[in-house]
Amino acid sequence: MRVLVTGGAGYIGSHACQRLLNDGHTVVAIDSLYRGHRAPMDALSAGHPGRFAFIHADIGEGGRIRAALDEHDLDTVMHFGAVAYVGESVDDPLWYYRNNIASAIALLEACDTCRDGRGVDRFIFSSSCATYGDPPEGMIPVPEHCPQHPTSPYGRTKLHFEHILLDYAAHRANQDRPLALTMLRYFNVAGSDRTGLLGEDHTPETHLIPVAIQAAQGKRESMSIFGADYPTPDGTCVRDYVHVEDLIDAHVRAAERVKPGRAEAFNVGIGKGYSVREILDSVRRVSGKDFRVIEAGRRAGDAIALYNDPTKIQRDLGWQAQVTDIDEIVTTAWNWMQAHPDGYGD
Ligand code: UFG
């Protein structure tokens, strides 16, 4: 395959670039470097001369994207580039809609008109379990047919873009240019690649596992549990943590198996939920350190409990998470953060 990876310099996108390159594909990564990092781009470029290119651009720069699609004759798009914090989306919803919808439409237009009007053959979209909001009774674990009622602007941007993609895929089918469309609804992505090259380095960092690791490293004086009064077994929110390399494996399988003319949604999560307290216990076990935890109020936009029913992705893509032990996931994150105390250092 010849793949455009948007958000290629970000946490998940960089892992996708690495896997695709290791599998022998040609990869062009684009990233605004607003939250992504140049260092992993340089490392991948050095390791795969001739098969990897990095373009410093925003997904809203349709002309530049189209030029890249044409120049490299790219047939597949993996679209990771987005802003992706639930709490931040509550504070600045219009910015979330601009990035995740308006700019993403410019990307899609480039994907439509490139390659002498043939367009790209495959599009794989990073959607989110945040599109489900709080599932109704009987819908946890969450299957793909669960009603989608997001509780945050972030979740709504992902759901709206799913609808835009479905309309676009129908249009392509009508024009006898069938697209293979996959929408992967991620649960909570965690950990880092086991070679130690890539890791998770966000500014600001808000995700539970890296925040807890920073507390264990003594980089934070304390950390907060956002809500200890939820209707869950220990009062804290429950999430499904999937290792980033397993997540990328789902993309590769989707690219290989979803046929032209098909539009498929798959949940990507291991199928087991962990509470915030259970994650903190895991970080304590892996690091061997204790740290100060404050029970704070609930964070706006948070769903109560979300974990996946992996039946569909196992059946249709043959996907199975390889890393299912939470301590193993946390260990990969811990190892990278210990080896890179300043992240990528940029
Ligand atoms: N949490 C804390 N303290 C912290 C950080 C997080 O208690 O310092 C809690 C949150 O309230 C939440 C859980 O830990 O209950 C997980 O929070 P994260 O911020 O790690 O992840 P989210 O579940 O909010 O968000 C992630 C992805 C989104 C995705 C979403 C789906 O970042 O892209 O899962 O729920 F959409």
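The values are calculated or read from the model by the stated rules, or taken from the named source; none is laboratory data. Small disclaimer: the values here were computed from a predicted structure and weren't measured. Cβ atoms come from the backbone with ideal geometry, glycine included; neighbour counts cover every protein chain shown. When the accessible area is computed, the model is the full protein with side chains, heavy atoms only, and any ligands, DNA or RNA have been set aside. Shrake-Rupley method; radii C 1.70, N 1.55, O 1.52, S 1.80 Å.
Of everything in the stretch 76-111, what is within 23 Å of Leu179 (Cα to Cα) and surrounded by fewer than 19 Cβ atoms within 10 Å (Cβ to Cβ)? Give them in sequence order.
The answer is Ile101, Ala102, Ile105, Ala106, Glu109.
Just for strands (runs of 3 or more DSSP E) wholly inside the stretch 207-323: which have at least 3 residues that are within 14 Å of the ligand (Cβ to nearest atom)?
Filter on the stretch 207-323 gives 223-226, 293-296.
Which count do you get for residues in the stretch 317-346 that are touching a helix residue (DSSP H, G or I) at 6+ places or on another chain (Cβ under 7 Å) and modelled with pLDDT of 95 or more?
Total meeting the criteria: 15.
Give the residues of the stretch 26-42 that are farther than 17 Å from Gly345 by Cα and either surrounded by fewer than 23 Cβ atoms within 10 Å (Cβ to Cβ) or hydrophobic (A, V, I, L, M, F, W, C) (or both), sorted by residue number.
Thr26, Val27, Val28, Ala29, Ile30, Ser32
Identify all residues within the stretch 153-177 that are in contact with a Cys (Cβ under 9 Å, 6 or more places away or on another chain) and among the small types (Gly, Ala, Ser); write none if there are none.
Gly155
Filter the stretch 1-16 down to the residues that are over 26 Å from Trp95 (Cβ atoms) and of a type in the set (A, V, I, L, M, F, W, C), then identify the one that is most open to solvent (accessible area, probe 1.4 Å).
Filtering first and then ranking leaves Met1.
So, in the stretch 43-75, of the ones that are in contact (Cβ under 8 Å) with a residue 12 or more places away in the chain and among the acidic types (Asp, Glu), which residue ends up surrounded by the fewest Cβ atoms within 10 Å (Cβ to Cβ)?
Taking the candidates together, the pick is Asp73.
Hey, could you check the stretch 112-138 for residues that are outside any strand (DSSP E or B) and small (Gly, Ala, Ser) and say which is least open to solvent (accessible area, probe 1.4 Å)?
Gly119
Does any residue in the stretch 175-194 that is away from the ligand (no atom under 13 Å from the Cβ) come within less than 8 Å, Cβ to Cβ, of a residue that is of a type in the set (Ser, Thr, Tyr) and part of a strand (DSSP E or B) six or more places away or on a different chain, and which pairs are these?
Partner pairs satisfying both residue conditions: Met183/Ser127.
Taking the stretch 279-296, which residues are of a type outside the set (A, V, I, L, M) and open to solvent by 50 Å² or more (accessible area, probe 1.4 Å)?
Of everything in the stretch 279-296, those that are of a type outside the set (A, V, I, L, M) and open to solvent by 50 Å² or more (accessible area, probe 1.4 Å) turn out to be Asp281, Arg284, Arg285, Gly288, Lys289, Asp290, Arg292, Glu295.
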